[in-house]
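Chemist: Can you keep this structure in mind? I'll have questions shortly.
The values are calculated or read from the model by the stated rules, or taken from the named source; none is laboratory data. Computed from a predicted structure; not experimentally measured. Glycine also receives a Cβ, built like all others from the backbone with ideal geometry; neighbour counts cover every protein chain displayed.
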Amino acid sequence: MYKLDRTLDNIVVLGIETSCDETSAAVVMNGRNVLSNVISSQINLHQKYGGVVPEIASRKHVEMIIPVINQALEEAGMKIADIDVIGVTYGPGLVGALLVGLSAAKALAFTTGKPFIGVHHIEGHIAANYIEHKELEPPFVCLVASGGHSHIVYVKEYDQFEILGQTRDDAAGEAFDKVARALGLGYPGGPLIDKASRNGDSSAIDFPRVHFGESCYDFSFSGIKTAVLNYLNSLEQKGEPVNVEDVAASFQQAVVDVLVDNTVEAAKAKEVKNIAIAGGVAANSLLRSQLKSAGSQYGFNVFYPSPVLCTDNAAMIASAAYYEFIRGRKSQLDLNAVPGLRLGQR
């Protein structure tokens, strides 16, 4: 068995992330000190298709995984022998993409004898806040919103999570992508909707906001997506022009209203002092400002990562792996990718 030659105050984790369309590797010490975080994005490859093509993503991961790992080690000034633990995303995500990173991590673990830990992708997004905010510790409520996920999570401890709310259909980021495509803005939709909204009137169109009643913090974004499409179709039938900025701003306002309302209500119910946000949608400027305002109004501290840590990256995976490792957990070499992995499932 591999034995650490350092104290628990100096654990160096190599993180690997390939759940979707970013190939990333990072070196992180003690869960919060990032020594390197290399991200190879595939956005340009998938833009012409209006979304991620799984087979293309998997092939690009195969091409990039070793160069990205080598670059992460080089930027950290380390060799693989200096690494104590290898952390890797094993779900949820695209199965082919996940298998590339997982196979690389298992190969490194097998050849070096070092422990490796499979990390839940959403737990990684939550851990991005530990990197950015050294003072943040559980318990807190975290909104995780991205292209594939919309969850409100009660973080009881570093390794204990309770889902308070989740999407019943489309994720928030998925709705952003689909509406951006309908407006002809391109892909990825989140940043483009955000940019267009700055010149629009957020009260121009009253798009629906779905709430499921008291003490239910679930989301549904398929209805607002359909409402936008119906609105655009009605203008087309009438031969009227589309004010893209107004539609973008009104749509974004409706989505953010629901995200903020549900998150704040969940935080009130759990009687926490801290709220965090994570995932690609956490980079949205309106979500950040509106949640900050709600925090000031109701007495919550609000935390969010810098934009680079909102996207898929390996630093967050390394951070989550560190907190798993110091609790005595590690994965076996027969660990498989689990594309539909539920939060809290081990």
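Chemist: If the requirement is being modelled with pLDDT under 95, more than 18 Å from Ser146 (Cα to Cα) and small (Gly, Ala, Ser), which of these qualifies: Gly213, Gly239?
Modeler: Of Gly213, Gly239, the one residue that is modelled with pLDDT under 95, more than 18 Å from Ser146 (Cα to Cα) and small (Gly, Ala, Ser) is Gly213.
Chemist: With the requirement that a residue be surrounded by fewer than 19 Cβ atoms within 10 Å (Cβ to Cβ) and outside any loop (DSSP other than H, G, I, E, B), what does the stretch 198-226 give you?
Modeler: The answer is Ser222, Gly223, Thr226.
Chemist: Quick one: in the stretch 311-346, of everything that is of a type in the set (Gly, Ala, Ser) and crowded, with 23+ Cβ neighbours inside 10 Å, which residue is nearest to Ile69 (Cα to Cα)? Give the derivation first.
Modeler: From the stretch 311-346, those of a type in the set (Gly, Ala, Ser) are 314-315, 318-321, 328, 331, 337, 340, 344; that's our starting set.
Now restrict to residues that are crowded, with 23+ Cβ neighbours inside 10 Å: 314-315, 318-321, 337.
Details: Ala314: 10, Ala315: 12, Ala318: 13, Ser319: 16, Ala320: 18, Ala321: 17, Ala337: 19 Å.
Once the filter is applied, the top-ranked residue is Ala314.
Chemist: Any residue that is at positive phi and either crowded, with 21+ Cβ neighbours inside 10 Å or not in a helix (DSSP H, G or I) (or both) - is there at least one of those in the stretch 251-268?
Modeler: No, the stretch 251-268 contains no residue that is at positive phi and either crowded, with 21+ Cβ neighbours inside 10 Å or not in a helix (DSSP H, G or I) (or both).
Chemist: Out of the stretch 156-196, which residues are closer than 23 Å to Gly213 by Cα, buried (at least 19 other Cβ atoms within 10 Å of the Cβ) and of a type in the set (Val, Ile, Thr)?
Modeler: Once the filter is applied, which keeps residues that are closer than 23 Å to Gly213 by Cα, buried (at least 19 other Cβ atoms within 10 Å of the Cβ) and of a type in the set (Val, Ile, Thr), the stretch 156-196 yields only Thr167.
Chemist: In addition: Count, please, the residues in the stretch 75-89 that happen to be farther than 16 Å from Asn313 by Cβ, touching a residue at least 12 places away in the same chain (Cβ under 8 Å) and not β-branched (Val, Ile, Thr).
Modeler: Residues that pass the stated criteria total 5.
Chemist: Of the residues Val308, Val281, only one is modelled with pLDDT under 95 and crowded, with 24+ Cβ neighbours inside 10 Å; which?
Modeler: Numbers: Val308 fails: crowded, with 24+ Cβ neighbours inside 10 Å.
Sole residue among the options that is modelled with pLDDT under 95 and crowded, with 24+ Cβ neighbours inside 10 Å: Val281.
Chemist: Just checking, which of Ile86, Ile66, Ile56 is touching a Pro at 6+ places or on another chain (Cβ under 8 Å) and either at pLDDT below 95 or not small (Gly, Ala, Ser) (or both)?
Modeler: Result of the check over Ile86, Ile66, Ile56: Ile86.
Chemist: Further question: Kindly indicate the residue of the stretch 133-148 that is of a type outside the set (S, T, N, Q) and in contact with a helix residue (DSSP H, G or I) (Cβ under 6 Å, 6 or more places away or on another chain) and also nearest to Ile43 (Cα to Cα) among those meeting that condition.
Modeler: Gly147
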